[in-house]
Amino acid sequence: MSILTAILPYNSSPQFDSTLQQFTDSPLVQSVVILHDGGYAPRLPKCSEVKGPRLGAGKVLNSIVESCKTELLLFVTQSQGLQLGQGGLERFAAVLRDTGAGMVYADYYEIKEGTRSEHPVIDYQEGSLRDGFDFGPIQCFSTYAVKSALKKFGNIPPVEYAGLYDLRLKVSINHDLFHVQEFLVTKVESDLRKTGEKQFDYVDPRHQAVQKEMELVVTQHLKNIGAYLKPTFKNVPKAEPRFPVEASVVIPVRNRERTIADAVQSVLQQQTDASFNVIVVDNHSTDGTTGIVRDLASKHSNVVHIVPQRHDLGIGGCWNEAIFSEHCGRYAVQLDSDDLYSGPDTLQKILHVFRSEDVAMVIGSYKLVNMHLEEIPPGLIDHREWTPDNGRNNALRINGLGAPRAFHTDLLRQMRVPNVSYGEDYAVALRLSREYQIGRIYEPIYLCRRWEGNTDAALSVERANRNDFYKDSIRTIELRARKAFNRQGT
C-alpha cells in the first residue's frame with residue numbers, strides 16, 4: 001500500500017540516481033518530489049518536481065504540504081550517498097503509526113573517508129530548540145500532524161532557510177518527535193571537520209541572514225507556547241558595600257601548566273580605576289599547574305590560590321568555590337585557563353557596563369586565535385544576534401552566548417552555578433536573563449586560544465550527544481520556568 005510521499009533535494013553527485021531509485025522502488029512510496037533549481041528532469045516513475053532554491057524555503061514547503069495526499073511525508077535532508085537500511089522505510093512508517101508521533105527520526109550509520117561507523121542521535125525534548133538539532137538524513141512526518149499544526153499556528157512564513165525548522169517546531173507543540181534508536185539509514189558524511197571546528201559555524205558572519213530567519217521562527221514558537229518574554233526587566237538589586245574588592249577574575253583550572261601563567265598575567269596587566277584580584281581555583285592538578293599558581297600567588301598579593309577540599313567538582317563547582325569565598329569581589333568575571341584578555345582595558349570596559357547600565361550580567365566578544373595568538377577563522381565572535389529586546393528569547397535557540405562573562409556576585413550566590421563542566425555558564429545566563437537585562441560588549445576584549453588541549457577540540461559522537469542533551473535539558477527547565485513566570489503575570 002502506497003502511503004508515503006518522499007521529498008528529495010537534487011544534487012549532481014553520481015550517487016543521486018541510486019538514492020532516488022531506492023524510493024521509487026519501494027511499494028510504500030506513492031510519489032517522490034524532487035526539489036531542484038531547474039537543472040534536473042525526472043526520468044523515473046512516481047517522480048514529480050518542484051522548483052525552488054532549497055528545502056528550507058517556506059514557499060516550497062507550503063506548496064508540498066498543500067498538495068500532499070499521502071499519510072506520511074518524508075523529507076530527505078541529505079540525498080548524497082544515501083542508503084536505506086533493510087526495511088528502513090517500513091520501520092519509519094510502523095513506528096510513526098504505533099506511537100502516534102508527529103515526526104519520527106532515527107540513528108544512522110555514517111561513512112567518513114571510506115570507514116563506516118555508528119552515529120546515534122539524541123532524544124527530542126521540549127528544550128530541543130536548536131535549529132541545528134541532528135535528526136539524521138531522514139525526517140518522517142505524519143501528514144495529519146503537519147496539516148493540523150499549520151492550520152492551528154499558521155503556514156510556514158516566507159523564509160528562505162528556516163522553513164523546515166518552523167515546521168518541526170509547530171508540529172512539536174502538540175505531537176511527539178520520536179527517536180527510533182535503530183540505525184535505519186547510512187549516509188556519506190561530507191563534513192569531516194572535528195567538533196571544535198564546527199561549533200562556531202552559527203556565528204560566522206556569512207550566515208547572518210540564516211540566523212535572523214531562525215530567530216524570527218523561534219521567537220514566534222515561544223509566543224505560541226507561552227514562553228516568550230517581553231522586553232521588560234527587573235531592576236538589579238543594590239549590593240551591600242561589603243566586598244573586599246570591586247572585581248574578581250575567576251579561573252578554574254586543572255592541568256594547564258602550558259597556559260595558566262599567561263592567563264593570570266593577562267589579568268595582572270589590567271589597568272582599572274577599581275580594586276581587583278584573580279581567584280584561581282586549582283582543581284587538584286596533577287601536572288605542574290599547582291606549582292606555577294603557588295609561585296604567582298607568592299609574588300602577587302592579588303592572586304588568590306584556592307585548592308578545594310572536595311574532589312567531585314566540575315568547572316561550575318569550582319566557580320562556586322570562588323564566588324562563595326571571602327575573597328570574591330562585587331563582580332565575578334570569567335577567564336578560562338587557556339585564554340587571555342586581549343588588552344589591559346578588558347576589566348575596565350566590563351566595569352563600565354555594570355556601572356552605566358542596570359544589568360545583572362555582562363557578556364563580551366572574543367577573537368579566535370591559535371597558540372601563537374594569530375587570528376583563525378571565523379575570527380571575531382561577537383554574538384550580534386543578542387539584541388536588547390530579544391536576546392533572552394533567542395538565547396534558547398543558540399548554544400553559546402559569548403565571552404568573557406561577568407556577573408553580579410550577589411545574584412550568582414543566590415542561584416549557584418551547576419556543578420558540571422559543560423554548559424554551566426549557559427544555564428546561569430538563561431536563568432539571569434529570565435528576569436534581568438544582560439549587558440553586551442560587541443568589540444573583542446578576549447582571546448580564545450584554540451589548540452589540541454581544548455576540552456571540546458575533538459569530541460566523540462557520544463560525548464557531543466551528552467553535551468547537547470544536557471543543554472537541551474537546561475532549555476527545557478528554563479522553558480517551563482518562563483511559562484510559569486508568564487502565567488504569574490510578573
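The values are calculated or read from the model by the stated rules, or taken from the named source; none is laboratory data. Everything numeric here is computed off the predicted structure, so don't read it as measured data. Cβ sites come from the backbone with ideal geometry, for glycine too, and all protein chains shown count toward neighbours. To get the accessible areas, we keep the full protein, side chains included, count just its heavy atoms, and leave off ligands, DNA and RNA. Shrake-Rupley method; radii C 1.70, N 1.55, O 1.52, S 1.80 Å.
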Exercise for the section: Hand me the GluC sites (Glu not before Pro) from segment 389-460 located in a DSSP loop with no more than 10 other Cβ atoms within 10 Å, in residue order please. Expected result: Glu452
Practice task
Place a +1 charge on the Cβ of each Lys and Arg in segment 290-402 and a -1 charge on the Cβ of each Asp and Glu, then give the dipole magnitude about the Cα centre in debye, rounded to the nearest 20.
Solution key: 200 debye
Practice task
With runs of 4+ DSSP H residues as the only contributors, calculate the mean residue ellipticity of the chain at 222 nm using -39,500 (n - 2.57) per run, divided by the residue total and rounded to the nearest 500.
Solution key: -10000 deg cm²/dmol
Completion exercise
Any lysines whose Cα falls less than 22 Å from that of Lys112, other than same-chain ones fewer than 8 residues away, would be Lys187, Lys194, Lys198
Exercise for the section: Measure off, as a whole percent, the carbon and sulfur share of the 1.4 Å-probe accessible area of the chain, all protein chains present. Expected result: 48 percent
Handout entry: Residue-normalised accessible area of the chain, given per residue in Å² at a 1.4 Å probe
Key = 44 Å²
Completion exercise
Residues other than Gln348 with Cβ under 14 Å of its Cβ, Lys/Arg counted +1 and Asp/Glu -1, net out at -2
Handout entry: Dipole moment magnitude, nearest 20 debye, the chain about Cα centre, only Lys, Arg, Asp, Glu C-beta charged
Key = 1440 debye
Exercise for the section: Measure off 7 Å from each Cα along the Cα-to-Cβ vector at Thr99 and Lys234, then give the distance between these two points in nanometres to one decimal. Expected result: 3.8 nm
Exercise for the section: Using Cα pairs closer than 8 Å and at least 6 residues apart in sequence, work out the relative contact order for segment 103-180, in percent. Expected result: 44 percent
Handout entry: Cβ charges +1 (Lys, Arg) and -1 (Asp, Glu), total dipole of segment 417-490, debye
Key = 380 debye
Completion exercise
Once both label points are put 7 Å beyond Cα along the C-beta direction, the His327-Glu90 separation in nm becomes 6.7 nm
Fill in the blank from the handout: With the 8 Å Cα cutoff and a minimum separation of six or more residues, the chain has a relative contact order in percent of 15 percent
Exercise for the section: Using label points projected 7 Å from each Cα along Cα→Cβ, tell me how many nm separate Thr24 and Trp451, to one decimal. Expected result: 5.6 nm
Problem - Gyration tensor verdict on segment 9-85 (Cα atoms; rounded if a/c is under 1.5, prolate if a/b is larger than b/c, oblate otherwise) - result: oblate
Practice task
Subtracting the Cα-Cα distance from 0.36 nm times the residue separation, let me have the gained length for Ala274 to Gln181 in nm, one decimal.
Solution key: 27.9 nm
Fill in the blank from the handout: Excluding residues fewer than 8 positions from Lys59 in its own chain, the aspartates and glutamates with Cα under 18 Å of it are Asp37, Glu49, Glu160, Asp166, Glu213
